[in-house]
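Colleague: Please read through the structure below; I'll follow up with questions.
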């Protein structure tokens with residue numbers, strides 16, 4: 001069985017690319033080619049995700065031979081929730097765990113479970129900075 005928490009491929013790329021940029025914080029830029037090679041992902045899909053992050057102000061981009069992407073703010077000031085919502089939009093609290101509404105009496109058979117879980121996930125992602133995420137990954 002897969003985990004209960006599902007994150008879109010684009011959000012997954014945003015978080016991993018953000019972590020890669022945070023781990024390489026400095027004056028230089030990482031190219032899409034470099035990042036795609038390290039993350040072992042499609043260059044074109046990663047480029048679209050990075051462009052979206054640049055549009056939202058989470059990444060900076062520079063064109064040219066020595067160009068690429070880097071974080072627009074310090075990693076301590078960027079939450080995982082910001083990265084997720086930058087590509088997937090605002091994460092809603094109300095969602096059917098089955099992916100569709102089948103309850104006929106107006107009340108979910110799971111009660112408020114999905115709302116509590118969504119709130120806990122939002123809180124955790126919102127309180128976890130990109131820098132903390134990178135530190136945790138380095139310890140593993």
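The values are calculated or read from the model by the stated rules, or taken from the named source; none is laboratory data. Please read these numbers as outputs of a predicted model, since none were measured by experiment. As a convention, Cβ positions derive from the backbone with ideal geometry for all residues, glycine included, and neighbour counts pool all protein chains shown.
Colleague: How many of the residues in region 90-137 are exposed (fewer than 14 other Cβ atoms within 10 Å of the Cβ) and modelled with pLDDT of 85 or more?
Modeller: 8
Colleague: While we're on this one: Filter region 30-47 down to the residues that are out of contact with any helix residue (DSSP H, G or I) (no Cβ under 8 Å at 6 or more places or on another chain) and either surrounded by 14 or more Cβ atoms within 10 Å (Cβ to Cβ) or at pLDDT below 95 (or both) and list them by number.
Modeller: 31, 34
Colleague: Which helices (runs of 4 or more DSSP H) sit wholly inside region 4-88 and have at least 1 residues that are touching a residue at least 60 places away in the same chain (Cβ under 8 Å) and more than 9 Å from the chain's Cα centre (by Cα)?
Modeller: Filter on region 4-88 gives 9-23.
Colleague: Could you please let me know if residue 86 is within 24 Å of residue 119 (Cα to Cα) and modelled with pLDDT of 90 or more?
Modeller: yes
Colleague: Here is a follow-up. Mind checking which residues of region 48-66 are exposed (fewer than 15 other Cβ atoms within 10 Å of the Cβ), closer than 12 Å to residue 29 by Cα and touching a strand residue (DSSP E or B) at 6+ places or on another chain (Cβ under 9 Å)?
Modeller: Matches in region 48-66: 62 only.
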